[in-house]
Amino acid sequence: MPRHIGDVPHPTPSRAIPRRPGRVGGGGSVVAAYPRVVTAAPPATAPSTRATSTHPWLPRILLANLVLEVLIVVTGGLVRLTGSGLGCPTWPECVPGSYVPVPEQAQGIHKYIEFGNRTLTGAVGFAAILVVYAVWRWAGRRRDLMVPAWVVLGGVVTQAVLGGITVRTGLNPATVSAHFLVSMVLVAASAFIVFRAQEPPGPRPLSVHPLVERLAGVACAVAAVVLLLGTVVTGSGPHSGDADEPARFGFDPRTISWLHADAVMLFIGLVVAVWVAARLSTRSRRASDAWRTVLLVTLAQGVVGYVQYLTGLPEVLVLVHMLLASLLVVALTAGVVRLRTTLPG
């Protein structure tokens, strides 16, 4: 409430600013010689510590986009594992003269699997457009959110073009690998928007020792190597995406698999180091909790990887392995974001 300057309960005439008394009666009013009341300006609003927006659709759109990015990785894996990569033998049409499968196609069920994956690409593209609009409309056009939002939209366009090149080159393992790696970038960018939008804009202090952040950066670099080697393992194994004319890298699958496993061991060691170091920090437990999740997902991924290798790469386990790879990227992104935070805890 406004306060009287001086905070005096009864002003004295000596400090008052006199006014000319009015007349009593005749519609006049009596103005006593009281001081002029001066009100203080309302206090400035404290900076908000809430997230970017309270609009209910913002987090829903961001989360839906992330779910779709992970889902299309799984459906893309399903296309490859069922040998449906050329179920639609041309692009952007499914067959010459038709954008949808036709009964006369020789590809059987494969044409529907590939067409379903292409249809999901449209949903992913629409979600990416919504993300850009939602951040622009409801997040105050924050640069830390707008940049990854545009990365997602641009990446979806890149994926569409890369998918066409993959089909037209007969599922070349190099383009198939690039297709997957770009998907991982899109998953990381989508996850970053989700987690970063939960915090207010502005500078975020480091919640752990600076060496922990550098160690986390090394872990992310090794994770990228692990994903890259994983695509080489896939491109050297039995699941090419085309059951009739498989295209392979030509590497020895056993050798490249063990090289991939060695990189995974190094990554696990780095994740454990980051988790322990973050846990020793007295400022925030959010970082250590996030990196514990990274460790758990990594261990699950490692178990599935070894089991699928020892059992001859069954399709179901390979698909689970791809899903866990996407979830690992999500968890790793959360771990990096949580190293710097303005939120308590």
Residue under evaluation A51, criteria (1) in the same structural domain as A191 (by TED's automatic domain parsing); (2) surrounded by 14 or more Cβ atoms within 10 Å (Cβ to Cβ); (3) at pLDDT below 90, criterion not met: (1)
Failed item in (1) assigned to a loop (DSSP other than H, G, I, E, B); (2) crowded, with 19+ Cβ neighbours inside 10 Å, with G140 passing the rest: (2)
Every residue from segment 305-341 that is of a type in the set (S, T, N, Q) and touching a residue at least 12 places away in the same chain (Cβ under 8 Å): Q308, S326, T333, T341
Condition met for G163 (in contact (Cβ under 8 Å) with a residue 40 or more places away in the chain and either aromatic (F, W, Y) or part of a helix (DSSP H, G or I) (or both)): yes
Subset of segment 252-289 (residues that are part of a loop (DSSP other than H, G, I, E, B), surrounded by 14 or more Cβ atoms within 10 Å (Cβ to Cβ) and of a type in the set (S, T, N, Q)): S281, S284
One residue from L171, L215 being of a type in the set (A, V, I, L, M, F, W, C) and under 25 Å from V264 (Cα atoms): L215
Test: T293 is surrounded by fewer than 15 Cβ atoms within 10 Å (Cβ to Cβ) and in the same structural domain as A224 (by TED's automatic domain parsing): no
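Within segment 290-302, identify whether any single residue is modelled with pLDDT of 90 or more, of a type outside the set (D, E) and not in a helix (DSSP H, G or I), and answer yes or no. Step through it out loud before you land on a result.
Taking segment 290-302 as the starting set, the residues that turn out to be modelled with pLDDT of 90 or more are 290-302.
Right, trim to of a type outside the set (D, E) and you get 290-302.
With not in a helix (DSSP H, G or I) added as a condition, the list becomes none.
No, that holds for no residue.
Give A160, A197, A224, A191 a once-over and let me know the one that is farther than 26 Å from H321 by Cβ and not β-branched (V, I, T).
Matching residue, one of A160, A197, A224, A191: A197.
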Condition broken by Q198, with the remaining ones in (1) touching a residue at least 40 places away in the same chain (Cβ under 8 Å); (2) part of a helix (DSSP H, G or I) satisfied: (2)
Residue match in segment 139-157 (condition: at pLDDT below 90 and on the phi < 0 side of the Ramachandran plot): yes
Number of the condition not met by A191 [criteria: (1) in a helix (DSSP H, G or I); (2) over 27 Å from V226 (Cα atoms); (3) small (G, A, S)]: (2)
Candidate set from segment 55-110 (those that are closer than 23 Å to V182 by Cα and among the charged types (D, E, K, R)); member that is surrounded by the fewest Cβ atoms within 10 Å (Cβ to Cβ): E93
Number of the condition not met by Q198 [criteria: (1) modelled with pLDDT of 95 or more; (2) of a type in the set (S, T, N, Q); (3) farther than 30 Å from R248 by Cβ; (4) surrounded by fewer than 22 Cβ atoms within 10 Å (Cβ to Cβ)]: (1)
Every residue from segment 61-113 that is touching a helix residue (DSSP H, G or I) at 6+ places or on another chain (Cβ under 8 Å), of a type in the set (D, E, K, R) and at pLDDT below 90: R80
Within segment 76-131, considering residues that are in contact with a His (Cβ under 6 Å, 6 or more places away or on another chain) and assigned to a helix (DSSP H, G or I), the one farthest from E315 (Cα to Cα): R80
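The values are calculated or read from the model by the stated rules, or taken from the named source; none is laboratory data. Since this is a predicted model, take the numbers as computed values, not measurements. Note that each Cβ is placed from the backbone with ideal geometry, even for glycine, and that neighbours are counted across all protein chains shown.
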